Amino acid sequence: KSLLLLMTIVKIKTQKDWCPHCQHFKPQYVKFAKDLEKLIKDSNLDLEVETMAVSCVPHKKTCTSFKLKGYPTIKLLLPYNSSTSELTQLDLQSPTQFLKVLSNRTSVHYVTSHRYQSKEVPQSNYFMHRTKKEIFADSHLSLQFLLEDNIYTSNEPLSEGRQKKVLESFLQILQQTLPSSSSMQPLLKDLTTHFDQVASGQDGLANLIQPHRLNNITWSPSCKTHGNGFTCGLWTLFHISSVGFVKSNQHNVWNPDMRLTSGQIGDSLRDFIELYFRCEVCVDHFLYEYDSCDHDRCNRFSYDKDTGLKDWMEYPLWLFEMHNGVNARLRKERLEERQEANDVTSEDEVIWPSRGECKTCWLSEGRWEEGEMYAWLSEHYWLENDKAMNKEEKTTSSGPLNSPGVSKYAKSLSKTRQKIAKTMERQGSGVILIFISLGLVFATILLRKRRCRRKVHSKKV
């Protein structure tokens, strides 16, 4: 026991700058370190405990050597020992209990809390103005950061089986569902074409990303109001892909084999988040809601390729509901943790689009109109002429509908609605044409049979 107490113990908490749970965790961890130091001093223990925090963004190699599964993670390092112990459940409110376990040489698990109380009340500005160029730049930056910082947590290649299959499927679906003129398409083409290099290790993936990196560009001010921009840009990427799923199926309306299904793209997103998103608390929430069929997912998603526009629209609409559910839950957590005062935001203010931004989207009592909501998503997260970003900077203002430029927005939204209607008409007219063709075939067969009968009858006569 005395030997253990004489050892130097280093605790490393790895954190991500973009991870809100790591940011929430910081003040409580700092307080625990100070209380622990004071407790050791007051108890006259012959023990030295050094507490540290490492951010994996600038210190990526250090974090890679620990083979982390998620963030935040607490590691216990003993002197003269290369192995580490991961404290998955540590009660930061009780440094006394922590010392007791060390002295007894037990391996008891403790409760980790990501919550802390703060008197700071940040300003709330959820939905700032973003140009179409900013929307696609935000999504590119987050895809880039996701690939560089989340795929590999060690220097080893991806394991055969599910790990490789999930990543390859996710990249292929992004390639199929993002606009062809997007700056992300050349990157995705290289990744899917040279997937063996992607799976070979961190260096192989980095070499493929390097020619397509967006340098000297940061996330938009709108995204930075939600942290450093990564999660905002990632949601943007998912929404673009969800609209692109519908567009891709519309393009392949006469080629069912090339279509995706809502169940297929939803499962791909679910599995990717499970394996490659490094915020453990976020992953737990997402998997629970997905697997428990939240927002009626199990009834809304289909694995049948012979469906139409109404069924395809269910995926972007479900993702819109999921995102709003996360916004509402995070607001509730901020209130519970006293990060935000009750009068800073209302629940309606963290739900998008706002009623002012899309009056035709919302009905009474929080209900919304499916066609109008999809039209809004399509207008905001797609390049209609597929080269619009280079020719014209379209805006997605979150102000009231009578603000400048709204007439232009209303016209483009109207065009989106017309395209939806035309697609549905085209699918309907296609069905009618099929029935007409079948009718003509049967009529032809009947006429031939009658002619044969007449010939046989005339011969008998």
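Keeping to segment 128-155, report how many residues are at pLDDT below 90 and open to solvent by 60 Å² or more (accessible area, probe 1.4 Å).
3
Assuming residue 99 fulfils every condition listed in (1) over 22 Å from residue 279 (Cβ atoms); (2) modelled with pLDDT of 90 or more; (3) not in a loop (DSSP other than H, G, I, E, B); (4) not aromatic (Phe, Trp, Tyr) apart from one, which condition is it?
Just one mismatch for residue 99, condition (2).
Pick from 215, 150: which is more than 16 Å from residue 272 (Cα to Cα) and polar (S, T, N, Q)?
Working: 150 fails: more than 16 Å from residue 272 (Cα to Cα).
Unique residue meeting the criteria: 215.
Between residues in segment 155-178 that are touching a residue at least 60 places away in the same chain (Cβ under 8 Å) and within 16 Å of residue 204 (Cα to Cα) and residues that are open to solvent by less than 40 Å² (accessible area, probe 1.4 Å) and hydrophobic (A, V, I, L, M, F, W, C), which pairs lie under 9 Å by C-beta distance while being six or more apart or on different chains?
Filtered contacts from segment 155-178: 167/151; 167/158; 167/195; 167/198; 167/199; 167/272.
Can you tell me which of (1) surrounded by fewer than 18 Cβ atoms within 10 Å (Cβ to Cβ); (2) at pLDDT below 55 is the one residue 394 doesn't meet?
(1)
If I go through segment 205-224 residue by residue, how many of them are open to solvent by 10 Å² or more (accessible area, probe 1.4 Å) and more than 30 Å from residue 131 (Cα to Cα)?
The total comes to 1.
Hey, residue 158 hits all of (1) under 30 Å from residue 318 (Cα atoms); (2) crowded, with 17+ Cβ neighbours inside 10 Å; (3) touching a Lys or Arg at 6+ places or on another chain (Cβ under 6 Å) but one; which does it fall short on?
Unmet condition: (1).
What are the pairs, 6+ residues apart or on separate chains, where a residue within segment 248-262 that is free of Cβ contacts under 8 Å to residues at least 40 places away in the same chain has its Cβ under 8 Å from a residue that is charged (D, E, K, R) and open to solvent by less than 30 Å² (accessible area, probe 1.4 Å)?
Once the first residue is free of Cβ contacts under 8 Å to residues at least 40 places away in the same chain and sits in segment 248-262, its partners that are charged (D, E, K, R) and open to solvent by less than 30 Å² (accessible area, probe 1.4 Å) give 252/259.
Can you tell me which residue within segment 280-307, out of those that are of a type in the set (D, E, K, R) and in a helix (DSSP H, G or I), is farthest from residue 245 (Cα to Cα)?
Step one: list which residues in segment 280-307 are of a type in the set (D, E, K, R), which gives 280, 284, 289, 291, 294, 296-297, 300, 304-306.
Of the ones still in play, those that are also in a helix (DSSP H, G or I) are 280, 284, 289, 291, 294, 296-297, 300.
Numbers: 280: 27, 284: 26, 289: 21, 291: 21, 294: 21, 296: 19, 297: 16, 300: 15 Å.
Within segment 280-307, the match that is farthest from residue 245 (Cα to Cα) is 280.
Within the group 276, 290, which residue is under 12 Å from the mean Cα position of the chain (by Cα) and open to solvent by less than 20 Å² (accessible area, probe 1.4 Å)?
Numbers: 290 fails: under 12 Å from the mean Cα position of the chain (by Cα).
Checking each option against the conditions leaves just 276.
Return yes or no: is residue 231 part of a helix (DSSP H, G or I) and modelled with pLDDT under 95? Before the answer, list the steps.
Details: part of a helix (DSSP H, G or I): yes; modelled with pLDDT under 95: yes.
For residue 231, the condition - part of a helix (DSSP H, G or I) and modelled with pLDDT under 95 - is met.
Mind counting the residues in segment 375-391 that are open to solvent by 40 Å² or more (accessible area, probe 1.4 Å) and modelled with pLDDT of 65 or more?
Of the residues in that region, 1 qualify.
Yes/no matrix, rows are residues, columns are (1) more than 22 Å from residue 168 (Cα to Cα); (2) in contact with a Leu (Cβ under 9 Å, 6 or more places away or on another chain); (3) of a type in the set (Ser, Thr, Tyr):
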site: 211; (1), (2), (3): no, yes, no
site: 233; (1), (2), (3): no, yes, no
site: 244; (1), (2), (3): no, yes, no
site: 254; (1), (2), (3): yes, no, no
site: 262; (1), (2), (3): no, no, yes
site: 285; (1), (2), (3): yes, no, no
site: 289; (1), (2), (3): yes, no, no
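Specify which of the listed residues (263, 244) is at pLDDT 95 or above, of a type outside the set (Asp, Glu) and more than 25 Å from residue 144 (Cα to Cα).
Unique residue meeting the criteria: 263.
Scanning segment 293-339 for residues that are under 20 Å from the mean Cα position of the chain (by Cα) and of a type in the set (A, V, I, L, M), which turns out most open to solvent (accessible area, probe 1.4 Å)?
Within segment 293-339, the match that is most open to solvent (accessible area, probe 1.4 Å) is 330.
Name the single residue, out of those in segment 356-374 being part of a helix (DSSP H, G or I) and under 26 Å from residue 133 (Cβ atoms), that is most open to solvent (accessible area, probe 1.4 Å). Working first, answer last.
So the first thing to find is which residues in segment 356-374 are part of a helix (DSSP H, G or I), and the list is 364-366, 370-374.
If we keep only those that are under 26 Å from residue 133 (Cβ atoms) as well, we get 372-374.
Details: 372: 38, 373: 0, 374: 2 Å².
Looking at residues that are part of a helix (DSSP H, G or I) and under 26 Å from residue 133 (Cβ atoms), I get 372.
The values are calculated or read from the model by the stated rules, or taken from the named source; none is laboratory data. Here the structure is a predicted model, which is why all the values come from computation and not from measurement. Ideal geometry is used to build each Cβ from the backbone, glycine not excepted, and the neighbour counts take in all protein chains shown. SASA here: full protein model, heavy atoms, side chains in, ligands and nucleic acids out. Shrake-Rupley method; radii C 1.70, N 1.55, O 1.52, S 1.80 Å.
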